[in-house]
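> What follows is a single structure, and I will ask about it in a moment.
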Protein chains: 2
Amino acid sequence: MQSTVTLSIDAMGGDNAPGIVMEGVADFLSGRPGARALLHGDEALLKPLLAANAVLSARAEIRHTDIKITSDMKPSQALRRGKGSSMWNAVQAVQEGAADASVSAGNTGALMAISMLVLRKMDGVHRPAMTALWPTLKGRTVVLDVGANVEADAEQLVSFAIMGEAFARATLGIERPSVALLNIGSEEMKGHEEVREAHELLRNSPLKMDYRGFVEGDDISAGAVDVVVTDGFTGNVALKAGEGVARMLATRMREAFTESLASKAGAALAMNGLKRLKSMMDPSNVNGGVLVGLGGVSVKSHGSADARGFARACELAADLALSNFRGEIAANLARVGAGDLAAE
Amino acid sequence: MQSTVTLSIDAMGGDNAPGIVMEGVADFLSGRPGARALLHGDEALLKPLLAANAVLSARAEIRHTDIKITSDMKPSQALRRGKGSSMWNAVQAVQEGAADASVSAGNTGALMAISMLVLRKMDGVHRPAMTALWPTLKGRTVVLDVGANVEADAEQLVSFAIMGEAFARATLGIERPSVALLNIGSEEMKGHEEVREAHELLRNSPLKMDYRGFVEGDDISAGAVDVVVTDGFTGNVALKAGEGVARMLATRMREAFTESLASKAGAALAMNGLKRLKSMMDPSNVNGGVLVGLGGVSVKSHGSADARGFARACELAADLALSNFRGEIAANLARVGAGDLAAE
């Protein structure tokens, strides 16, 4: 893959900024020889970290600001007072063409609001959607919307399907991702009117999409399809409910392995398998929510991500920047917007 | 607890009926010396199983029918053709007063439809709701609705809160269960209008409920509250998404422990802890969905439950039958229906 990409980094966002962020960027740059980074933040803090690292010294530069978006700021406050902050400047650099994509581990609501304002919506997109990469038995599945919108009508669900398909192609490297609508229950009670209508639209659309119909909640982790489409309320609840179950089981597993000498010895013997399992349950391995449908790429990293996690978010941002996913979305939106769908 | 309870059992419902069902009932009866059971199903199959078991011989009797609801029958077909079936007769016995509660591991949609028709809705209940007992870090949490209704307006959510609270008191034995509404996101974007309106209604209600406001998806497994209230679409997706994650992690754990001799030995040493973890992830330990808001108790057991799982569903049915949960629901619905809520 081509690697001449420049990322614009909010070096001050997240629980462990700027230390972890700088480490993550260094990790990312080491893996992509041609890549560069702009680091937005407080020069006094960033300079020593940059100087201490050869890769950063060679391929990253600092863009100073001492304004910061705090984690308790509301989106509306961030819009009013956030101009010139490290987060704002990181996104702005993408809009101005100085960078190809931005990454921030800061305040989610603020990042969404600033990204929307600065990067604007793509032509033809009424509602951008937040994606999640959900770990499954077969790999990863793109789930969207996981919280950018509270509700979605049938046409918005169709546009989410289009955006999710292009996103899956760019990030998972699947040429023709399979797509399904999230639904519940039996044949006779097939969910909301919006979902049933979106199903008809997708089934009869002129898109070359591998549309598979409905899936249920447990099909996500089973990896039944590559893209699961839903409204932002349902998607957010599903994602967090799943995270909650994973966290509970991780806690129980720790207890199971620390309760006695025998179990500790057992855990030591089983270490390899356990490490893989732990890595599987680690959010930093699936890090990177993206608000798709904007005029540029703005990736959100978990606020508590470690350096590896932040590096993954950078890789995702670079993959998206180097792909044609926005071009594909525009083409497919035009295809369904050209009256073919409305005629159904 | 008083144990003079009679359960009405659909002996022919579920993947492993009638064998597993009979074993489960025997298990239940052994734990409740005063309890009795009516076994609805094919006498030719049930008689030898009954005769072979001392507890069943002493405290269960067969009510013959050779009609059966199949697992592929739609609810509407079950209503048209299901009269006289083992499932129908099991529910009917409750309605007629011959038994205190019914249990079936058969076709979910059919059981819901038949229970609604035969037991009817309680006075004041517009929409019965399906409950789930969700395992958490602190014990179990009641989640409802998990699929009886696709949507719910604010007043229905309030009635779900009332029914869930009474259900939690009866099944979890908590005197004053804490209750919350499932929602997403930040302060500024607090979900659907329905959820926000229900929040206002509950906050200002004359109920003596321990209402805690909003929780998010990951708060369920954390055990943040005893009762989580949501619409049937969201609840069903959340429950199944959580089950999917648990199943995926169980698969990965098996892989982790069978990949090498060392890890197998490790697993053997850690066996006690692992067994507890396995039991925690086992659906039969949280078995028993209940359609609350009906004129009688009808419990659904997982179709694939083992004997212990079916016994748990029976215990749940007995607890509900011996509690005053329907009386409490009626009183609280009257309290909010008396104009206090509408006046807000």
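> Between residue B:76 and residue A:4, what is the FRET efficiency for a Förster distance of 56 Å, r being their Cβ-Cβ separation, to the nearest 0.05? Spell out each step's value before the answer.
Details: r = 62 Å, r/R0 = 1.10.
E(calc), rounded to 0.05, equals 0.35.
> Continuing with the same structure: Taking +1 at the Cβ of each Lys and Arg and -1 at the Cβ of each Asp and Glu, which of B:109, A:253, A:128 sits farthest along the dipole of the protein assembly as shown towards its positive end, judged by Cα position relative to the Cα centre?
Towards the positive end, the residue furthest out is A:253.
> Need one number for the stretch B:129-283: average projected area of the convex hull over its C-alpha atoms, nm².
Working: hull surface 41.1 nm².
That works out to 10.3 nm², a quarter of the Cα hull's surface.
> Can you give me the distance in nm between label points at residue A:258 and residue A:47, each placed 7 Å from the Cα along the Cα-to-Cβ direction?
Roughly 4.3 nm, to one decimal.
> About its Cα centre, how strong a charge dipole does chain A have in debye, to the nearest 20, once Lys and Arg get +1 and Asp and Glu get -1 at the Cβ? If you can, show how the numbers build up before the last one.
Working: 35 positive and 40 negative charges, 220 e Å.
Computed charge dipole of chain A: roughly 1060 debye.
> In a Gaussian network model over chain A where Cα atoms closer than 10 Å are linked, find which of A:29, A:117, A:316 has the largest mean-square fluctuation.
A:117
> Separation between the residue A:251 and residue A:98 pseudo-spin-labels, each 7 Å from Cα along Cα→Cβ, expressed in nm?
4.4
> I want to verify a result. In a Gaussian network model of chain B, Cα cutoff 10 Å, which of these has the top mean-square fluctuation: B:247, B:312, B:120?
Sorting by GNM fluctuation, first place goes to B:247.
> How long are the semi-axes of the equivalent ellipsoid of the stretch B:1-137, defined as square roots of 5 times the Cα gyration tensor eigenvalues? Whole Å, largest first. Before the final figure, lay out the partial values.
Details: eigenvalues 114, 73, 43 Å².
Each semi-axis is √(5λ); the values are 24, 19, 15 Å.
> With the label 7 angstrom out along Cα to Cβ, how close does residue A:15 come to the same site in each of the other copies, in nm, nearest first?
Here residue A:15 shows inter-copy label distances of 3.8 nm.
> With springs only between Cα atoms under 10 Å, which of A:33, A:177, A:48 fluctuates most in a Gaussian network model of chain A?
Greatest mean-square fluctuation among the candidates belongs to A:48.
> What ranking do A:263, B:76, A:8 get, fewest neighbouring Cβ atoms within 10 angstrom at the top?
Details: A:263 20, B:76 12, A:8 29.
So the residues, fewest neighbours to most, are B:76, A:263, A:8.
> Modelling each spin label as a point 7 Å along the Cα-to-Cβ direction, I'd like the residue B:196/residue B:210 distance in nm, to one decimal.
Inter-label distance under the simple model: 2.9 nm.
> For the protein assembly as shown, compute the orientation-averaged projected area of the C-alpha convex hull (one quarter of its surface), in nm².
Values: hull surface 131.6 nm².
Mean orientational projected area (the protein assembly as shown, Cα hull): 32.9 nm².
> Given label points at 7 Å from Cα along Cα→Cβ, what nm distances, shortest first, separate residue B:304 from the same residue in every other copy?
3.2
> Could you tell me the calculated FRET efficiency between residue A:64 and residue A:16, based on Cβ-Cβ distance and R0 = 22 angstrom, to the nearest 0.05?
The calculated FRET efficiency here is 0.60.
> Between copies, how far does the label point of residue B:175 sit from its twins, in nm, shortest first, when each point is 7 Å from Cα along Cα→Cβ?
Spelled out, the distances from residue B:175's label point are 6.8 nm.
Quick note: the coordinates plus some simple rules give every number you see, no bench work behind them. Everything numeric here is computed off the predicted structure, so don't read it as measured data. Cβ atoms come from the backbone with ideal geometry, glycine included; neighbour counts cover every protein chain shown.
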